[in-house]
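Here is the structure we will look at, set down as structure tokens.
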Amino acid sequence: MPDQHTVLRSATKEVVLGHDRPFTIIGERINPTGRKIFQEQLRAGDFSAIERDVAAQVAGGADVLDVNMGVPLTDEPELLATAIRLVQSRTDLPICIDSSVVEALEVGLDAYQGRALVNSITAEDERMEQILPLVKRYDAAVIALPNDADEIPMEADKRIELVAKIVETATKEYGIALEDIVIDPLAMPIGADTQVVNTALETIQRIRQGWGLNMTLGASNVSFGMPARHALGAAFLPMAMTAGLTSAIMDARSPQIVEAVRAADLLLGHDEWGMSWIAAHRARQAAAAAATEQAAGQVLGTG
């Protein structure tokens, strides 16, 4: 099966996920989960944290921004639409619309200017019935997780079986193009079972071999509960890239992990002549020089 290309767009910018393209970093920070102060601000109609998060993720090197507005005791559809419009007023990066609420996904897709990535469906029939018609209607792409109502499979064989079901259902019953299905191969915490990464890597390889599909996952899942999480993430993602992972939902404010991904892009031949790697190095040098000059100026000014 040939490798697929998944095209995402904002009103003015296009990002393509592909096995022959640079790795796509999906910035995860615009999400109130576990952020009590952020949730309180959103309930009060204060969106300043979103603006700061957008700026930080863009500065860190995000290619796409995941936007989730799952805040208890709010009108999530309205909140998500407002957040999407705000994000699009601050950056031209495409958006991954992230919600477990079908009504919120629909309102978010309607508000979005471009071609979105929807996060997400599972292999459950009901979930596909609810969301795939929206994906088709709004000409979006969709993240699909190979788990069902029974379990999150721990074996690669079961995950591949569920990927096959998702692909068959999405393409044959709902007319979704194969290239618009992005699989999450399920990265589980290494602290719970030291074989979970081997299972994830096998799953990634088999998905690429079987369908050529693009894949994404939550980059922080593997290191959950472990010390030195950034070191684990910086090791895991390049390994996954060699197996066929083409994107990850991650915090672009983590320089160690972002740099590891961009280094892997160069080493895998996805950064022609190393131009992106060299440009990023020069930008860091310029930023460091500017910071040194500013610090020196402050010292002289107070002297």
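Quick notes on this structure:
- Among [x] 26, 37, 29, 8, 0; [y] 28, 42, 22, 7, 0; [z] 32, 58, 9, 1, the entry derived from the coordinates for P(r) over Cα pairs in 20 Å bins from 0, in percent: [z]
- From the largest down, region 157-303 spans 72, 35, 27 angstrom on the principal axes of its Cα atoms.
- Neighbour-count ranking [beta-carbon atoms within 10 angstrom, fewest first] of 53, 139: 139, 53
- For residue 99, the residues whose modelled amide H falls within less than 5 Å of its own, excluding neighbours fewer than 5 places apart on the same chain, are 119, 120.
- Applying the Kirkwood pairwise sum to the alpha-carbon positions of region 15-127 produces a hydrodynamic radius of 14.5 angstrom.
- Partners for residue 13 among aspartates and glutamates (Cα-Cα distance below 15 Å; same-chain residues under 8 apart left out): 63, 92
- When both region 228-303 and region 91-135 are represented by their alpha-carbon centers, they are found 30 Å apart.
- Mean Cβ count within 10 Å, highest first, over the residues of peptides 25-33, 254-262: 25-33, 254-262
- Karplus (6.51, -1.76, 1.60) ³J(HN,Hα), θ = phi - 60°, over region 11-26, in Hz, Gly and Pro reported as x: 5, 10, 10, 10, 10, 10, 8, x, 6, 9, 10, x, 4, 9, 8, 9
- Residues of region 201-243 with amide N under 18 Å of a point placed 7 Å along Cα→Cβ from residue 256: 219-240
- Taking each DSSP H run with n ≥ 4 as -39500 (n - 2.57) and averaging over every residue of the chain yields -15500 deg cm²/dmol at 222 nm.
- Overall Cα dimensions of region 67-208, principal axis frame, Å, largest first: 42, 37, 29
- Given in Å, the Rg to one decimal and the Dmax to the nearest whole number for the Cα atoms of region 1-62 are 15.7, 50.
Every number in this text was worked out from the coordinates using simple rules, so none of it is lab data. What you see is a predicted model, and the numbers here were worked out from it, not measured in a lab. All Cβ positions, even for glycine, are placed from backbone atoms using ideal geometry, and neighbour counts span all protein chains on display.
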